[in-house]
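Engineer: A single structure is presented below for examination.
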Amino acid sequence: MEEAVLLNQTTVVTCFRLRGLSINQNVQMAAFAMFLVFYVLTLIGNILIVITIIDDHHLHTPMYFFLSNLSFIDVCHSTVTVPKMLIDTWSEEKLISFDACVTQMFFLHLFACTEIFLLTVMAYDRYVAICKPLQYMTVMSWKVCVLLAVALWTGGTIHSIALTSLTIKLPYCDPDEIDNFFCDVPQVIKLACTDTHIIEILIVSNSGLISVVCFVVLVVSYAVILVSLRQQISEGRRKALSTCAAHLTVVTLFLGHCIFIYSRPSTSLPEDKVMSVFFTAVTPLLNPIIYTLQNEDMKNALNKLMGRVKGREKK
């Protein structure tokens, strides 16, 4: 009888309260300014990369095709959480409806998982380009690239549906406060009025396993690439190392968070919010900076694009 009453009570939960980054008003204002700047720069940087790659025919190669996908994902990934956080800075309650919370979790994991798969595909692309240059255009044909893009987006969608389905079926009751500035599966399932041990194991098996396996594949790929680079001439080695260093930096920043959050049970740690800031706001901003500063082709294409834009303005 008590269990039946409890289940009936859980159906009235229609929203959650987000604790945010801090209860200190000065800290919140500083966070608002920082996140706003980061978000605007993220939009400008990543959209500029996509436009540059589309505009410059010399960049119509598999590597830049995947890079444009990465920039698009970063814009979407940041947009899922940052605008809501900026609005909540001016709100005392920081409420989010149950449906909005589920939607946020779905798209957060869709873009995050798709990016993990994309980074892995990009590592494979670099492996083929450096270790098997004569076969590169055959192995990484446009048909293969499109199929890989479809596959990684499909994989991200399936992963997100699976996690969201596990979360949405749970009964929820008080407390209704999420200890973060956005909805994520580990924090939300902690509020469930039932034992979530099995679901936590499934989450670790799903998200954690994907992150760890992809990270291992990436490390092995780059180890093979570095061994191969020892046999190349200095100029070719320098350019390849620059590209790989940029990619490896992005991978470490992004997958580091995923492994830290999703490869353990749903327990809160003080470092979680710091990692969440890097995951949602910092990494999407660093991606365009890392790839443009480390890539001569991108810098040249950007200069050409800016030159044409200035020329049109003068006319």
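The values are calculated or read from the model by the stated rules, or taken from the named source; none is laboratory data. What you see is a predicted model, and the numbers here were worked out from it, not measured in a lab. Note that each Cβ is placed from the backbone with ideal geometry, even for glycine, and that neighbours are counted across all protein chains shown. We work out accessible area using only protein heavy atoms, side chains counted, and drop any ligands, DNA or RNA first. Shrake-Rupley method; radii C 1.70, N 1.55, O 1.52, S 1.80 Å.
Engineer: I need to check one value: relative contact order of region 138-216, counting alpha carbon pairs closer than 8 Å and at least 6 residues apart, in percent. Write down the numbers at each step before the final one.
Structural biologist: Working: 33 pairs, mean separation 19.1, N = 79.
Relative contact order here is 24 percent.
Engineer: Over region 20-138, what is the mean sequence separation of C-alpha contacts under 8 Å (at least six apart), divided by residue count, expressed as relative contact order in percent? Write out the running numbers ahead of the final one.
Structural biologist: Working: 63 pairs, mean separation 33.3, N = 119.
Relative contact order of region 20-138: 28 percent.
Engineer: Got the relative contact order for region 18-295 handy, in percent, Cα pairs under 8 Å and 6 or more residues apart? Can you show the working numbers first?
Structural biologist: On the way: 292 pairs, mean separation 74.5, N = 278.
Normalised by residue count, the contact order of region 18-295 is 27 percent.
Engineer: Using only protein heavy atoms and a 1.4 Å probe, report how much of residue 142 is accessible, in Å² to the nearest 10.
Structural biologist: 110
Engineer: Quick one: length gained pulling residue 99 to residue 227 fully straight, 0.36 nm per residue minus the C-alpha distance? Intermediate values should be presented prior to the final figure.
Structural biologist: Values: separation 128, 0.36 × 128 = 46.08 nm, distance 4.97 nm.
Extra length available between residue 99 and residue 227 comes to 41.1 nm.
Engineer: Which of the residue pairs 143/304; 84/299; 84/304; 94/169; 143/299; 273/299 have a Cα-Cα distance greater than 26 Å in the structure shown? List each step's numbers first, then the result.
Structural biologist: On the way: 143/304 29 Å; 84/299 33 Å; 84/304 36 Å; 94/169 24 Å; 143/299 28 Å; 273/299 34 Å.
143/304; 84/299; 84/304; 143/299; 273/299, as the Cα separations exceed 26 Å there.
Engineer: Measure nothing fancy, just the Cα-based angle from helix 25-55's long axis to the longest principal axis of the chain, in degrees from 0 to 90, nearest 10.
Structural biologist: Taking the Cα atoms of the chain, the angle to 25-55 is about 40 degrees.
Engineer: Cysteines without a disulfide-compatible partner in the chain, using Cβ under 4.7 Å as the rule?
Structural biologist: Among the cysteines of the chain, those whose Cβ sits 4.7 Å or more from every other are 15, 76, 113, 131, 145, 214, 244, 258.
Engineer: Give the label of the value calculated from the structure for Rg/Rh (Cα atoms, Kirkwood Rh), choosing from (i) 1.02; (ii) 0.98; (iii) 0.94.
Structural biologist: For Rg/Rh (Cα atoms, Kirkwood Rh), the calculated option is (i).
Engineer: If you don't mind, there's one more thing I want to ask. With every protein chain kept in place and ligands, DNA and RNA left out, what is the accessible area per residue of the chain? Probe 1.4 Å, answer in Å². Let's see the in-between values first.
Structural biologist: On the way: 15790 Å² over 315 residues.
Accessible area per residue, the chain: 50 Å².
Engineer: Once you've got the GNM for the chain with C-alpha springs shorter than 10 Å, pick whichever of 69, 295, 303 has the biggest mean-square fluctuation.
Structural biologist: 303
Engineer: Just 103, 292, 280 to compare: in a GNM of the chain, with alpha carbon springs under 10 Å, which one fluctuates most?
Structural biologist: Highest fluctuation of the listed residues: 103.
Engineer: Same structure again: Under the rule of at least 5 residues apart or a separate chain, name every residue whose amide H is placed under 5 Å from the amide H of residue 178.
Structural biologist: For residue 178, the qualifying residues are 17, 18, 19.
Engineer: Which value in deg cm²/dmol, rounded to the nearest 500, describes the helix-derived mean residue ellipticity at 222 nm for the chain, given -39,500 (n - 2.57) per DSSP H run of n ≥ 4 and division by the residue count?
Structural biologist: Working: 13 runs with 231 residues, N = 315.
Rounded to the nearest 500, the figure is -25000 deg cm²/dmol.
Engineer: Right, another one. Can you tell which of 91, 78, 22 shows the greatest fluctuation in a Gaussian network model of the chain with Cα springs below 10 Å?
Structural biologist: The residue with the greatest mean-square fluctuation here is 91.
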